[in-house]
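Only the coordinates and a few stated rules stand behind these numbers; no lab work does. Everything numeric here is computed off the predicted structure, so don't read it as measured data.
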Amino acid sequence: MAVFVTTLHPNVLGRAFYWKKGEPVRTQEAPYSVMASENFRNSPAVAIMKNGTEIRRRLLEPDCPVDFPILEELKTEGVTDYIATPLDFTNVQNHAATHTSMEEGGFSDAEIAAINRIRPALTRIAEVFVLTRTAHNLLDAYLGISRGPRFCVAKSNAATGRISMP
């Protein structure tokens, strides 16, 4: 699974968060220069951010369109099914989440339903973290580096799973 969000930052276009089974979460920042890359321009995440519609590709089906460069790469890694869904923030911006399966038949109907059920909650959580990071960036810009986190820190309680803002 991966989540892709744009930022309000002068040097960082966006961030990606990757979850892969058996590995720690990986975070990657994309500078604005990535916009010149054909792989970026022709990515499912960018397509979703532009039009807000879900993309599904069953990679083992003979008539499956391999219309994004990442799909060929995922196919060689053993991915059988790919879904990219919009995370529609309250400010009308679309961000994206992607899900892959390596199971022989791809995602089951129950798994697709589960992805659709968690999407609203995932969207709100992603939006809270994006807005918090934006507040950090703005406070850093006007009050000085490292001031933002001091004034605006999201804290999570491991026991309850709740996130609180001071």
With a ≥ b ≥ c taken as the square roots of the eigenvalues of the C-alpha gyration tensor of region 38-126, please select rounded if a/c is under 1.5 and otherwise prolate if a/b is larger than b/c or oblate if it is not?
-> oblate
Kyte-Doolittle mean at least -1.0 and Cα extent at least 27 Å along the axis: which DSSP H helices of the chain qualify?
-> 109-143
Classify the chain as rounded, prolate or oblate from the Cα gyration tensor: take a ≥ b ≥ c as the square roots of its eigenvalues, call it rounded if a/c is under 1.5, otherwise prolate when a/b beats b/c and oblate if not.
-> prolate
Value of relative contact order over the chain, rounded to a whole percent, pairs C-alpha under 8 Å and six or more apart | 17
Most mobile listed residue (E72, E54, E29) in the chain, GNM with C-alpha springs under 10 Å = E72
